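Below is one structure, written out as structure tokens; comments come after it.
The values are calculated or read from the model by the stated rules, or taken from the named source; none is laboratory data. Everything quoted here is computed from the prediction, not taken from an experiment. Glycine gets a Cβ as well: all are built from the backbone with ideal geometry, and neighbour counts include every protein chain shown. Side chains included, ligands, DNA and RNA excluded: accessible areas come from the protein's heavy atoms. Shrake-Rupley method; radii C 1.70, N 1.55, O 1.52, S 1.80 Å.
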Amino acid sequence: MTSVHTEPLSHKSSTLGDIKGIVSVDWTMGDRAGISEHSRLLRFLHIGTEANCYTPGNKKFSVENVHCIDTSNQELAVKEIVRVAKEGLSVCPDALFFALAVCSRSQDPKTKDSAYSALQEVCLTGEGLFSFVHFGKRSANPPQGGEEVVELPCNWYKLNLCLVFSALSAIYKYITHGYEAAEKEFSVEDVSSDVKEILAYLKAVHELKHTTDEQKAVHLIEMHDLSFEHVPTQLLKSEEVWLCLISRLPVQVLVAQLPRLHRLGFLKQKSPVLKPLLERLNTEITLTVNKLNPLQTFIIIRHLEILQKGPADKTVFHIHKYFQLNNTLQMLQRSSFKMVRPTNKRYLMAVDICGSMFHGRKTSGCRYLSSADASCLVLMALAQAESEKLTALAFSKDGLEEIEVSKEMSHGEVLKKLREIPMGTVDQASPLLWAKEKKKSFDVILICTDNQTQPDTHPVDAFKDYRKTMDLPQAR
């Protein structure tokens with residue numbers, strides 16, 4: 001598991017988003033006693049823990065082990081929850097739902113009202129809503145008799161679907177008894193226009209689910225704006241259906257379906273699907289803000305590369321035969337780094353280049369990502385956002401070796417540069433001693449390694465000495 005020593009999250013940090021989320025963050029190098037309750041709250045909202053050590057994986061929240069919400073200004077906490085949710089930078093969405101649930105149980109009526117008002121902005125999906133309800137039941141001061149918890153989902157659905165009660169009843173009938181039952185009960189002359197609209201939509205979903213006619217399926221998708229999830233698996237083998245879906249799917253969904261398209265043979269040069277697919281991806285590249293982050297684009301590229309290394313059969317993805325797609329995906333990844341926002345901090349990043357970083361177990365939570373891959377993505381993100389404020393080092397056999405990483409470099413080029421350096425022993429204190437000796441000032445010091453080491457000088461002691469010597473009390 002990769003460890004990254006970095007700074008506590010604040011209003012202007014957390015720029016690496018999901019990339020930082022796939023590595024573990026060891027906060028022991030910071031001075032916990034100096035962290036304010038507001039900073040603890042932000043830390044919890046961004047990474048799901050108020051403690052000084054973050055590890056990937058599922059987390060269990062309770063009012064007994066999370067105190068930053070109760071000790072913070074809860075009215076301000078609700079505003080921060082909404083802000084973090086809108087930014088989309090939290091690597092632990094459940095932390096947002098839990099924090100909002102705790103605030104919704106506040107004894108202060110104003111805080112309670114603001115928490116429920118924020119529900120629409122924080123819980124954007126049914127999964128988020130029911131996580132909120134689940135945490136609400138377990139939090140302090142639960143409502144008597146459970147009336148509020150029962151009423152809440154209904155209110156949420158009413159707001160999200162903008163429907164009257166009868167229309168909701170039609171939906172519930174469809175879910176529990178099927179379309180025929182819903183149509184029989186609600187297809188009456190005096191039914192409202194909302195119910196008619198809902199029934200027409202549900203009929204389209206029902207017909208799409210049961211049809212084998214590709215042209216009819218395309219017509220239903222276009223006429224009723226049906227989503228990818230509505231399309232049954234057998235119809236996802238149709239070129240006609242994919243020609244309809246390519247322009248309609250969110251780019252994240254479209255890119256995630258590339259392995260499926262490859263297995264169906266739709267990525268071949270003669271396939272009618274390839275040209276509109278490339279046009280859609282190239283359009284995404286030209287957008288001011290790419291909707292894909294660097295981790296998402298890297299994973300799909302790596303997935304396709306792995307298909308190339310498979311057995312010699314029809315499922316093998318020969319990258320040289322798909323040079324247009326490969327070039328487009330590489331450009332898409334470069335474009336995805338636009339999501340990384342600058343912090344105006346001075347960064348020192350030291351990277352372990354031992355063999356296990358390249359060939360050891362994969363990074364927790366991502367089977368396609370080695371520790372070296374994760375380190376490269378963080379380096380590339382920093383080079384993109386903090387190009388003038390980044391110093392990168394590698395633990396070579398001759399000690400720490402400075403490496404140049406520019407924003408123009410690809411992942412493969414950064415990885416190759418790291419591989420060319422003779423590996424050396426990892427001493428987590430040495431980057432701090434190096435910075436002190438060179439009299440270089442850094443706000444953030446990251447050390448990427450997949451091993452715990454026992455150096456002669458403890459990193460915490462070296463860090464405290466560095467802070468004091470360089471007069472950098474806020475360095476992390």
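The single condition from (1) surrounded by 19 or more Cβ atoms within 10 Å (Cβ to Cβ); (2) over 15 Å from I47 (Cα atoms) that V91 fails is (2). Scanning the range 73-118 for residues that are touching an Asp or Glu at 6+ places or on another chain (Cβ under 8 Å) and either of a type outside the set (A, V, I, L, M, F, W, C) or more than 23 Å from N58 (Cα to Cα) (or both) yields Q74, E75, K86, D108, K110, T111, S114.
Out of the residues in the range 260-286 that are of a type outside the set (A, V, I, L, M, F, W, C) and surrounded by 17 or more Cβ atoms within 10 Å (Cβ to Cβ), which is nearest to L226 (Cα to Cα)?
The first filter runs over the range 260-286 and keeps only residues of a type outside the set (A, V, I, L, M, F, W, C), leaving 260, 262-263, 265, 268-272, 275-276, 279-280, 282-284, 286.
Next, from what is left, pick out any that are surrounded by 17 or more Cβ atoms within 10 Å (Cβ to Cβ): 262, 280, 284.
Details: H262: 24, R280: 19, E284: 22 Å.
Looking at the filtered set, the residue picked out is R280.
Take the conditions (1) exposed (fewer than 15 other Cβ atoms within 10 Å of the Cβ); (2) touching a Ser or Thr at 6+ places or on another chain (Cβ under 6 Å); (3) not charged (D, E, K, R); G412 misses just one of them, which is (2). Inspect the range 334-353 for any residue being modelled with pLDDT of 85 or more, acidic (D, E) and over 29 Å from L278 (Cβ atoms) and give the result as yes or no. Checked against the condition, which is being modelled with pLDDT of 85 or more, acidic (D, E) and over 29 Å from L278 (Cβ atoms), the range 334-353 yields at least one hit.
R367 meets the conditions (1) in a helix (DSSP H, G or I); (2) without any contact (Cβ under 8 Å) to a residue 60 or more places away in the chain in every case but one. The failed one is (1).
Residue-by-condition table, conditions (1) open to solvent by 30 Å² or more (accessible area, probe 1.4 Å); (2) among the hydrophobic types (A, V, I, L, M, F, W, C); (3) at pLDDT below 90; (4) under 32 Å from the mean Cα position of the chain (by Cα):
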residue: M380; (1), (2), (3), (4): no, yes, no, yes
residue: A394; (1), (2), (3), (4): no, yes, no, yes
residue: K397; (1), (2), (3), (4): yes, no, no, no
residue: A435; (1), (2), (3), (4): no, yes, no, no
residue: Y466; (1), (2), (3), (4): no, no, no, no
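If a residue has to be of a type in the set (D, E, K, R), touching a residue at least 12 places away in the same chain (Cβ under 8 Å) and outside any helix (DSSP H, G or I) to count, how many in the range 370-410 make the cut? The qualifying residues number 7.
Listed by first and then second residue, the pairs with beta-carbon distance under 7 Å, at least 6 apart or on different chains, first residue in the range 244-257 and more than 15 Å from K275 (Cα to Cα), second of a type in the set (F, W, Y), are L249/F228; V253/F228.
In the set (1) at pLDDT 85 or above; (2) open to solvent by less than 20 Å² (accessible area, probe 1.4 Å); (3) under 20 Å from F266 (Cα atoms), the condition left unmet by F317 is number (1).
Could you tell me whether any residue of the range 134-157 is closer than 21 Å to R83 by Cα and at pLDDT 70 or above? Lay out the reasoning, then the answer.
The first filter runs over the range 134-157 and keeps only residues closer than 21 Å to R83 by Cα, leaving 135-136, 156.
Adding the requirement that they be at pLDDT 70 or above leaves 135-136.
Yes, some residue in the range 134-157 is closer than 21 Å to R83 by Cα and at pLDDT 70 or above.
For residues that are more than 20 Å from V273 (Cα to Cα), open to solvent by less than 90 Å² (accessible area, probe 1.4 Å) and either modelled with pLDDT under 90 or more than 34 Å from the chain's Cα centre (by Cα) (or both), tally how many sit in the range 204-229. Within the range 204-229, residues that are more than 20 Å from V273 (Cα to Cα), open to solvent by less than 90 Å² (accessible area, probe 1.4 Å) and either modelled with pLDDT under 90 or more than 34 Å from the chain's Cα centre (by Cα) (or both) number 2. Among the residues of the range 106-121, those that are open to solvent by 10 Å² or more (accessible area, probe 1.4 Å) and of a type outside the set (S, T, Y) comprise Q107, D108, P109, K110, K112, D113, Q120, E121.
Go through the range 338-363 and count every residue that is open to solvent by less than 50 Å² (accessible area, probe 1.4 Å) and either aromatic (F, W, Y) or in a loop (DSSP other than H, G, I, E, B) (or both).
Step one: filter the range 338-363 for residues open to solvent by less than 50 Å² (accessible area, probe 1.4 Å), giving 340, 343, 347-358, 360, 363.
Filter once more, so that each one left must be either aromatic (F, W, Y) or in a loop (DSSP other than H, G, I, E, B) (or both): 340, 343, 347, 352-354, 358, 360, 363.
Residues that pass the stated criteria total 9.
For Q333, the conditions (1) crowded, with 21+ Cβ neighbours inside 10 Å; (2) in contact with a strand residue (DSSP E or B) (Cβ under 6 Å, 6 or more places away or on another chain) all hold with the exception of (2).
All of (1) at pLDDT 80 or above; (2) surrounded by 12 or more Cβ atoms within 10 Å (Cβ to Cβ); (3) under 21 Å from E229 (Cβ atoms) hold for F186 with one exception: (3).
Mind checking which helices (runs of 4 or more DSSP H) fall wholly inside the range 411-476 and carry at least 1 residues that are touching a Cys at 6+ places or on another chain (Cβ under 9 Å)? Steps first, answer last, please.
Details: elements: 411-419, 430-438, 459-470.
Of the helices (runs of 4 or more DSSP H) lying wholly inside the range 411-476, those with at least 1 residues that are touching a Cys at 6+ places or on another chain (Cβ under 9 Å) span 411-419.
K439 satisfies every condition listed in (1) at positive phi; (2) open to solvent by less than 10 Å² (accessible area, probe 1.4 Å); (3) of a type in the set (D, E, K, R) except (2). Restricting the range 230-253 to residues that are at pLDDT below 90 and among the aliphatic types (A, V, I, L, M) leaves a set whose member that is most open to solvent (accessible area, probe 1.4 Å) is V253.
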